[in-house]
Amino acid sequence: MAGFRDSDKALFPIKNINGILQLFRHQLENAREPDLALLSIVAGIVESKLTSRSAAALQLCEPIEPNSLPVLEIHDVQVLYEKFHSIMKSNIDPNKSNSPATRDLVKRVSDVIWNSLTRSYYKDKAHLQSLYSYLTGSKLDCFGVAFAVVAGCQALGYNDVHLALSEDHAWVVFGEHGTETAEVTWHGKGNEDKRGQEIGKGVSSRSWLYVNNKPVVCTRKMEVAALVSAINPSLNATHDAYEVSLLQQELLWLLYDLGHLKKYPMAIGNLGDLEEISPKEGKVPCKVLFEEAIYSARNYYNNQHVYPYTYQGGYFYRNKMYKEAFESWANASDVIRLYNYSRDDEEIYKEFLEIANELIPHIMKVESSGFSASSILKKPECFANLLRFYDGICQWEEGSATPVLHIGWAKPLVNTISKFDSDVRAQVNIICDKLEEDKMSKKNGTYFNNNNYASLNQTNLKEKDLTNFHPSIEALTAACSEKILNPEY
Ligand SMILES: CC1(C)CN=C(N2CCN(c3ncnc4sc(CCF)cc34)CC2)S1
């Protein structure tokens, strides 16, 4: 059983970030499992005190001493902790027989949370992810509801109920073998919630939202990593509260060093983003963290996750490493090409739209103003990766009920491709490789393993890659130059 132990209470009152770290370390390193309700309430109180309007005003007029926090008294935590336990236990009997949860139990816990939320509120607001928000404001965001259900089940003694995470949704797994699944929260805008149902077996299972049934299935300690990842340092649209950011970074390092981020690519990516802003002495550099997130996704989730490549691509882009950014984005596109686009996939659609219509055009603009020989416009592997990037999006659309591309995509696409001179394009050597069985096919779910793309520094794209390109790419490349298919032409 988890619980607010005397050894935890001894750490209070907590006056600085180090005190919070001690509490989390104590909860994570002790044999019994970490108490999700306790840690979510503590993280929520600290975030609220340091990002509320009064905190912002305070920061502006009296710079408080570094790493200090408003004093966290045990009473503040205990009142909320007991309130959460009484909400749960007054509605649902604790698990005296220590038996696995049932679908009915999970649905009832979800109903307790769901029915106690404020009737209508702006769901996308910041700081609605923690039990502090739930207990003091009766508001939770989509992730927050799923997390609260898992924390509620833990409080009731159902330790088989765990958080399952895709890149834009959260649900729970439960049962004797942890193989039962259930929706417990809503997703997106204007969609009827599917709470209580098991996770899509139908068309939705081919959408990115359910990551081809390769979600991050959390242990208790990974659930702590999820609540830490969900800490939101934003003070307003343009500023972050420095102490909250630092606390999140230190807590992520604690979880990283204890090995609890190994199977959690997005948490590693979040740490990478924080490290890029302010690197911590003696830690692996952010570039390596982004590579580790990719390795984790390839190793544990069959390379079905997109975000590890967009974390890395964003890093390269911000640091003007444009050739590398193209490769990361082409790799992201190789993931999405095997999914069918569904209306639940807006978040990743917006991600690819921004890359294709904002970031790549910006790179083209700054690169075509200079004439340096080292310009990416002279590099065939950049052209090859751009084709791979666009082709993946085209193939994502193929076989989907909802179209992806529209005229808004074509102009930047043609603009980009035509920035490469024909002599550069001609170096993209299309090798006519008739290995039919290697052909990419979404139908039977096979696709190129990476060695089907001869390493791009020889800029080899095998013809079957090109014949597998979406017609619009073929038309475009043909329009650019008939040379592309016959380099000796
Ligand atoms: C490359 C990026 C655009 C930068 N930030 C990104 N994210 C920020 C952090 N995100 C996350 N970080 C940790 N865990 C989770 S679980 C989840 C689905 C809702 F529950 C999202 C998410 C989502 C993705 S992707």
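Any read-out appearing in this document is the output of simple, stated calculations on the displayed coordinates, not a laboratory observation. Worth saying up front: this structure is predicted, and the values here are computed from it rather than measured. Cβ atoms come from the backbone with ideal geometry, glycine included; neighbour counts cover every protein chain shown.
In whole Å, largest first, what are the principal axis extents of the Cα atoms in the stretch 138-256?
Ordered largest first, the stretch 138-256 gives principal extents of 44, 34, 29 Å.
Hey, which of these cross-link pairs are over 28 Å Cα-Cα: Lys49/Lys280; Lys350/Lys419; Lys9/Lys194?
Lys9/Lys194, as the Cα separations exceed 28 Å there.
Can you list the HN-Hα couplings for the stretch 178-194, worked out from phi with the Karplus curve (6.51, -1.76, 1.60; θ = phi - 60°), rounded to whole Hz and with x for Gly and Pro?
Those phi angles translate into x, 9, 6, 10, 8, 5, 10, 9, 9, 9, x, 9, x, 9, 4, 6, 10 Hz.
Among Phe316, Leu353, Val366, which residue has its Cα furthest toward the positive end of the charge dipole of the stretch 311-393, with +1 on Lys/Arg Cβ and -1 on Asp/Glu Cβ?
In the stretch 311-393, that residue is Val366.
Could you give the dipole magnitude of the stretch 167-207 about its Cα centre, charging the beta-carbon of Lys and Arg +1 and that of Asp and Glu -1, in debye to the nearest 20?
180 debye
List the equivalent ellipsoid semi-axes of the stretch 327-394 in whole Å, largest first, each obtained as the square root of 5λ for an eigenvalue λ of the Cα gyration tensor.
They are 26, 13, 7 Å, listed largest first.
Can you tell me which of 337-345, 35-43, 413-421, 70-78 comes out highest on packing, and rank the rest after it, using the mean Cβ neighbours within 10 Å?
Packing proxy ranking, top to bottom: 35-43, 337-345, 413-421, 70-78.
For the stretch 70-115 and the stretch 162-207, what is the centre-to-centre distance using only Cα atoms, to the nearest Å?
First find each Cα centre; the distance between them is then 21 Å.
Please report the spacing between the Cα centers of the stretch 266-295 and the stretch 370-399 in Å, no decimals.
Spelled out, the Cα-based centre of one part sits 26 Å from the other.
Tell me the GluC sites (Glu not before Pro) within the stretch 249-289 that lie in a loop according to DSSP and have at most 11 other beta-carbon atoms within 10 Å.
Of the GluC sites (Glu not before Pro), the ones in loops of the stretch 249-289 whose Cβ has at most 11 other Cβ atoms within 10 Å are Glu281.
Under a point spin-label approximation (7 Å from Cα along Cα-to-Cβ), what is the Val414-Asp93 distance to one decimal in nm?
7.0 nm
Averaging sequence separations of C-alpha pairs under 8 Å and six or more residues apart, then dividing by the length of the stretch 8-157, give the relative contact order as a whole percent.
Relative contact order here is 30 percent.
Show me the chymotrypsin sites (Phe, Trp or Tyr not before Pro) within the stretch 348-383 that DSSP assigns to loop and that have at most 16 other Cβ atoms within 10 Å of their Cβ.
Listed in order of number, the matching sites are Phe371.
Enumerate by residue number the GluC sites (Glu not before Pro) in the stretch 334-424 meeting two conditions: DSSP loop (anything except H, G, I, E, B), and at most 15 other Cβ atoms within 10 Å of the site's Cβ.
Glu398
Assuming R0 = 56 Å, what is the FRET efficiency of Glu29 and Glu192, from their Cβ-Cβ distance, to the nearest 0.05?
For R0 = 56 Å, the calculated efficiency reads 0.85.
If I model a spin label as a point 7 Å beyond the Cα along the Cα-Cβ vector, how far apart are those points for Ala401 and Gln22 in nm?
The modelled label-to-label distance comes out at 5.6 nm.
May I ask you to derive the relative contact order of the stretch 234-335, considering only C-alpha pairs under 8 Å and at least 6 residues apart, and to give it as an integer percent?
Once divided by the residue count of the stretch 234-335, the mean separation gives 19 percent.
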